[in-house]
Amino acid sequence: MIKADGKNFILNTENTTYVFRVMETGQLEHLYYGARIRIDDAGAIEEKRAFAPGNTTCYNSAHPEITLEDVRLEMSSIGKGDIREPMIEVVCADGSSTLDFVYDSYEILSGKTDFKTLPGSYDREDQVETLNVKLLDKNHGFTLILSYFVYEDCDVITRAAKFINTSNDSVKLTRMLSMLIDFDRAGLKVSSFHGAWTKEMNKSELVLPGGKYVNSSFTGTSSNRTNPFFMVSDEDAVETAGNVYAFNLIYSGNHYSAVEVSAWNKTRVAYGINPQNFSWQLEPDEEFEAPEAVMTYSGDGFRQMSLNMHEFVREHITRGQWKYKERPVLLNSWEASYFYFNESSLVKLAKTAKKAGAELFVMDDGWFGNRDDDKKGLGDWDIVNTKKLPHGLKGLSEKINNLGLMFGLWVEPEMINVDSNLYRNHPDWAIDIPGMGHSEGRNQRILDLCNPEVVDYIIGRMEEVFSTPGLSYVKWDMNRNFSDYFSKYLPADKQREVSHRYVLGLYKILKTLTAKFPNLLMEGCSSGGNRFDLGSLCYFPQIWGSDNSDAVSRLTIQNGYSYGYPQSTYTCHVSACPNHQTLRVTPIESRFAVAAFGVLGYELNLNDAKAEDLAAVTAQIELYKKYRKTLQYGDFYRLKEGNIYEWSIVDKDKSRGVTMVMQQLMKPGEQYLKIEQAGLADEANYHFFGQKLEHNVKGFGDLVNMVSPVHIKQDSVVHNIVAKFVKMPGETEDYIASGSLLNNAGVKLSQSFVGTGYNDQVRYFPDFSSRLYFTERVK
């Protein structure tokens, strides 16, 4: 709900309130963002001023008590006394850069208008309210529209900004962020997520008593180096307590967030497109849209913040037929065969996948042009490699469909190899600088999406590929970062527009294709998580979270994603061991347990799998399908992180839940473990139980001789024969308990093996072990 009178603006969600006012000098002063409050008179929360601090610049002579450097603002620029991070920077026709935006008017609208150039949040029921505040620049006559979109249902407020050149001269934007907010205290904790290829989303925490912290990407994408999602919280905030503010950006290019503490212990957050190497020329009457920024507040710690963000992403970002449709279990061919396959080998693999219960078979890279490695062929989407696929895409798709499987394939439309027909015919379509050496990534170059001809070409080629009969799924990849930011299509004075124009071209492609193929399940990918952001999720309901499928690595990666993104948005595969990225060997049960807490898939050669592993995969897929709706669309709870991770997902109606616990390294002598629960109905009764387990006797090494009547040499033929027929019984966990007991006291498990004995009341839990537990409401 939005209340406004032209002086005070109050934005309420179900549990939060956001307040700002128009100052005597015309600037917008931020007053409050936090738990929902009733405001009868905003004067109580206005900052009082009598004299400006020394060594500061006063805004004007009529108000010597006001220095904008010590005001909590909704928008700021340079030149009027505020020397902190600005939201906007320009170069005007006269060479000056000072702006003086002051309040002009406002409007409140029901619903939300789509952006002209960018994706954004939405609400089909028009429950969202929009506040547009118009500011006018006193110096040059520019117009700035600050937009606030209030999503009451999930305690989210989003913000956007639009700069309109209502002057008579051209103006160059050199910084155009989406939002700015100032908090009235210092010493806040900034939590951001960093990494690289195969090690995405590592949480970093920093308490900021002074100075500035910048979280930005310059890869041309939102990047795996630093995800655009971040949090600002009380220093002592934890999962279930403390003030937490979270921010994200609906944008897939270079992003920038700065958290800065002023000389008067106020903390500013400035957020939007990265101004590095950015500018945008606006002629009279032209406008520039900044991407939409997302904010949420929780007074109950990180957990509630995540629940807010998850609900917002599910309800107001992802869209289309796959928004709440259960995602199929797939088998991807990449790690099974890489580039080395043919139609016969793929069909054979698909048959085994079908027997195991998979629903979708995906042919990865290598099906087009002369694509036998990553050095050639990218761009030649019109040429199917008939040596590998003699009956073409249509023939393979038909064979896969006839097995009872959906068919999917991999594409990387934004890229081009120099060794390709497309490059030989159109070298001017690649992003590089003529006559200068080019620094490549993964042996490829980037197509120039600033060029409308290139955009139209990609749309046309992908329309042909996506029209393959029987095609149900596409994995859209993007495997390199930008080096040269240069478009042969643009004139010299617009080269700093390349990074943003590229993103706009990408969005035009994706918008066109998703509209034409609404039933197609499209999964985003960029060397794993190099473009995992809300802008991408407007078109891809799911994104490949990392090329690293190692279960131990995925604990950190998926735990990181869970802070800002629901589990239905990140895909997770069970792969072979030793793992192809880490060479680590983990139990197949643990690989499944971790992967099940996202959108499950498999990526291994099932034809080479041991019979017991194939049986395990079959059982896993059957179990996942039983709980799929819960696992993909329930509420996600982080219960432990560290050496032991514990996650739980509970249905919206609180009828059932699934809990995963995994240990990285076994610690000697630590035999007790409590399973925590959350999100259950306190007054209801639940059946809490685990899986019935049996363990390979070889896991106990030569301790088998403590019970064997004859000596068995470790790893001998006899040892292998015994292991085939003799299994060690696992522990049993089975209780009826109230939701209040489970939520507050948890369940103390059977003791772990600590070297003093083993029977069916002892938990076999060595390195990399895991368990799944199930909670079902008793009727």
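Within the group LYS116, LYS212, LYS172, which residue is touching a residue at least 60 places away in the same chain (Cβ under 8 Å), of a type in the set (D, E, K, R) and closer than 30 Å to VAL238 by Cβ?
Residue meeting the stated conditions: LYS212.
Does any residue of the range 547-563 turn out to be over 23 Å from PHE193 (Cβ atoms), open to solvent by 10 Å² or more (accessible area, probe 1.4 Å) and charged (D, E, K, R)?
Filtering the range 547-563 for residues over 23 Å from PHE193 (Cβ atoms) gives none.
No, the range 547-563 contains no residue that is over 23 Å from PHE193 (Cβ atoms), open to solvent by 10 Å² or more (accessible area, probe 1.4 Å) and charged (D, E, K, R).
Under 6 Å between Cβ atoms, which residue pairs at least 6 apart in sequence (or on different chains) link something in the range 76-91 that is touching a residue at least 60 places away in the same chain (Cβ under 8 Å) with a partner that is of a type in the set (Val, Ile, Thr) and surrounded by fewer than 21 Cβ atoms within 10 Å (Cβ to Cβ)?
Here the result reads PRO86/ILE78; GLU89/THR174, each pair linking the range 76-91 to a residue that is of a type in the set (Val, Ile, Thr) and surrounded by fewer than 21 Cβ atoms within 10 Å (Cβ to Cβ).
Looking at the structure I just gave you, is ARG554 within 28 Å of GLU205 (Cα to Cα), modelled with pLDDT of 95 or more and of a type in the set (Lys, Arg)?
yes
If you take the residues of the range 409-439 that are β-branched (Val, Ile, Thr) and in a strand (DSSP E or B), which of them is surrounded by the fewest Cβ atoms within 10 Å (Cβ to Cβ)?
VAL411
Return the residue satisfying two criteria in turn: it lies in the range 440-464 and is in a helix (DSSP H, G or I) and in contact with a Lys or Arg (Cβ under 7 Å, 6 or more places away or on another chain), and of such residues it is least open to solvent (accessible area, probe 1.4 Å).
First, the residues of the range 440-464 that are in a helix (DSSP H, G or I): 452-464.
Restricting the remaining residues to those that are in contact with a Lys or Arg (Cβ under 7 Å, 6 or more places away or on another chain) gives 455, 463.
Working: VAL455: 5, GLU463: 46 Å².
Going through the qualifying residues, I end up with VAL455.
For the structure I just gave you, tell me whether TYR297 is over 30 Å from LYS388 (Cα atoms) and not β-branched (Val, Ile, Thr).
Yes.
Can you name every residue in the range 372-395 that is touching a residue at least 24 places away in the same chain (Cβ under 8 Å), open to solvent by less than 50 Å² (accessible area, probe 1.4 Å) and either more than 29 Å from ARG424 (Cα to Cα) or not in a strand (DSSP E or B) (or both)?
Initial filter on the range 372-395 (touching a residue at least 24 places away in the same chain (Cβ under 8 Å)): 372-383, 387-391, 393-395.
Now narrow it down to the ones that are open to solvent by less than 50 Å² (accessible area, probe 1.4 Å): 373-374, 376-381, 388-389, 393, 395.
Hits for the range 372-395 are ASP373, ASP374, GLY377, LEU378, GLY379, ASP380, TRP381, LYS388, LEU389, LEU393, GLY395.
In contact (Cβ under 8 Å) with a residue 60 or more places away in the chain, open to solvent by less than 10 Å² (accessible area, probe 1.4 Å), over 30 Å from ASN401 (Cβ atoms) and not small (Gly, Ala, Ser): is that true of TYR485 in this structure?
Spelling it out, it is not the case that TYR485 is in contact (Cβ under 8 Å) with a residue 60 or more places away in the chain, open to solvent by less than 10 Å² (accessible area, probe 1.4 Å), over 30 Å from ASN401 (Cβ atoms) and not small (Gly, Ala, Ser).
Out of GLY81, GLY120, which single residue is modelled with pLDDT of 95 or more, more than 19 Å from MET179 (Cβ to Cβ) and either not polar (S, T, N, Q) or not in a loop (DSSP other than H, G, I, E, B) (or both)?
When all the criteria are applied, what remains is GLY81.
Could you identify the single residue in VAL90, VAL128, VAL133 that is open to solvent by less than 10 Å² (accessible area, probe 1.4 Å), more than 25 Å from TYR256 (Cα to Cα) and touching a strand residue (DSSP E or B) at 6+ places or on another chain (Cβ under 7 Å)?
Exactly one residue qualifies, and that residue is VAL128.
Would you check which residues across the range 58-71 are crowded, with 21+ Cβ neighbours inside 10 Å and part of a loop (DSSP other than H, G, I, E, B) and list them?
TYR59, ILE66, THR67, VAL71
Return the pair list, or none, for Cβ contacts closer than 6 Å from residues in the range 315-328 that are within 20 Å of GLY408 (Cα to Cα) and among the aromatic types (Phe, Trp, Tyr) to residues that are open to solvent by less than 40 Å² (accessible area, probe 1.4 Å) and at pLDDT 95 or above, at least 6 apart or on different chains.
Once the first residue is within 20 Å of GLY408 (Cα to Cα) and among the aromatic types (Phe, Trp, Tyr) and sits in the range 315-328, its partners that are open to solvent by less than 40 Å² (accessible area, probe 1.4 Å) and at pLDDT 95 or above give TRP322/LEU521; TRP322/PRO541.
Do you know which residues across the range 515-543 are of a type in the set (Phe, Trp, Tyr) and within 18 Å of VAL313 (Cβ to Cβ)?
Scanning the range 515-543 gives PHE532, TYR539, PHE540.
Which of the residues that make up the range 12-57 are on the phi > 0 side of the Ramachandran plot and surrounded by fewer than 15 Cβ atoms within 10 Å (Cβ to Cβ)?
ASN55
Inside the range 246-270, can you point out the residues that are open to solvent by 10 Å² or more (accessible area, probe 1.4 Å), hydroxyl-bearing (Ser, Thr, Tyr) and under 13 Å from ARG185 (Cβ atoms)?
Within the range 246-270, SER262 is the sole residue that qualifies.
In the range 748-761, which residues are open to solvent by 10 Å² or more (accessible area, probe 1.4 Å) and in contact with an Asp or Glu (Cβ under 8 Å, 6 or more places away or on another chain)? Spell out how you get there, then give the answer.
Filtering the range 748-761 down to residues open to solvent by 10 Å² or more (accessible area, probe 1.4 Å) leaves 748-751, 753-761.
If the condition is that a residue be open to solvent by 10 Å² or more (accessible area, probe 1.4 Å) and in contact with an Asp or Glu (Cβ under 8 Å, 6 or more places away or on another chain), then LEU749, SER750, VAL754, ASP760, GLN761 are the ones that fit.
Kindly check whether there is at least one residue in the range 151-174 that is in contact with a helix residue (DSSP H, G or I) (Cβ under 9 Å, 6 or more places away or on another chain) and under 21 Å from LEU68 (Cβ atoms).
Yes: the range 151-174 contains one or more residues that are in contact with a helix residue (DSSP H, G or I) (Cβ under 9 Å, 6 or more places away or on another chain) and under 21 Å from LEU68 (Cβ atoms).
Yes or no: PRO541 more than 24 Å from ASP380 (Cβ to Cβ) and open to solvent by 30 Å² or more (accessible area, probe 1.4 Å)?
Criteria not met by PRO541.
Which one of these is touching a Leu at 6+ places or on another chain (Cβ under 6 Å) and under 26 Å from ASN481 (Cα atoms): GLY435, GLY408, GLY441?
GLY408
Given the conditions (1) assigned to a loop (DSSP other than H, G, I, E, B); (2) open to solvent by less than 20 Å² (accessible area, probe 1.4 Å); (3) under 20 Å from SER76 (Cβ atoms), and given that ARG185 satisfies all but one, which numbered condition is not satisfied?
Result: ARG185 fails condition (2) only.
Please verify whether GLN281 is under 24 Å from SER217 (Cβ atoms), open to solvent by 40 Å² or more (accessible area, probe 1.4 Å) and out of contact with any Pro (no Cβ under 8 Å at 6 or more places or on another chain), treating the condition exactly as stated.
Values: under 24 Å from SER217 (Cβ atoms): yes; open to solvent by 40 Å² or more (accessible area, probe 1.4 Å): yes; out of contact with any Pro (no Cβ under 8 Å at 6 or more places or on another chain): yes.
In short, yes.
Evaluate the range 396-408: report whether one residue or more is under 25 Å from GLU603 (Cβ atoms), polar (S, T, N, Q), open to solvent by 50 Å² or more (accessible area, probe 1.4 Å) and modelled with pLDDT of 95 or more.
Checked against the condition, which is being under 25 Å from GLU603 (Cβ atoms), polar (S, T, N, Q), open to solvent by 50 Å² or more (accessible area, probe 1.4 Å) and modelled with pLDDT of 95 or more, the range 396-408 yields at least one hit.
Limited to the range 196-221, what total is found for residues that are open to solvent by less than 20 Å² (accessible area, probe 1.4 Å), closer than 22 Å to GLY272 by Cβ and part of a loop (DSSP other than H, G, I, E, B)?
Going through the range 196-221 one residue at a time, the tally reaches 5.
Could you give me the residue pairs with C-beta distances under 6 Å whose first residue belongs to the range 498-512 and is under 13 Å from ASN451 (Cβ atoms), whose second residue is open to solvent by less than 10 Å² (accessible area, probe 1.4 Å) and of a type in the set (Ser, Thr, Tyr) wherever it lies, and which are 6+ apart or on separate chains?
VAL498/SER487
With the requirement that a residue be out of contact with any helix residue (DSSP H, G or I) (no Cβ under 8 Å at 6 or more places or on another chain) and either aromatic (Phe, Trp, Tyr) or within 20 Å of ILE557 (Cβ to Cβ) (or both), what does the range 205-227 give you?
GLU205, TYR213, ASN215, SER217, PHE218, THR219, THR221, SER223, ASN224, ARG225, THR226, listed by residue number.
Checking ALA593 against (1) open to solvent by 10 Å² or more (accessible area, probe 1.4 Å); (2) more than 30 Å from ALA293 (Cβ to Cβ); (3) part of a helix (DSSP H, G or I), only one condition comes out false. Which one?
(1)
The values are calculated or read from the model by the stated rules, or taken from the named source; none is laboratory data. Worth saying up front: this structure is predicted, and the values here are computed from it rather than measured. Reconstructed Cβ throughout: ideal geometry from the backbone, glycine too, with neighbour counts over all protein chains shown. Ligands, DNA and RNA are excluded from the accessible area calculation, which covers all protein heavy atoms including side chains. Shrake-Rupley method; radii C 1.70, N 1.55, O 1.52, S 1.80 Å.
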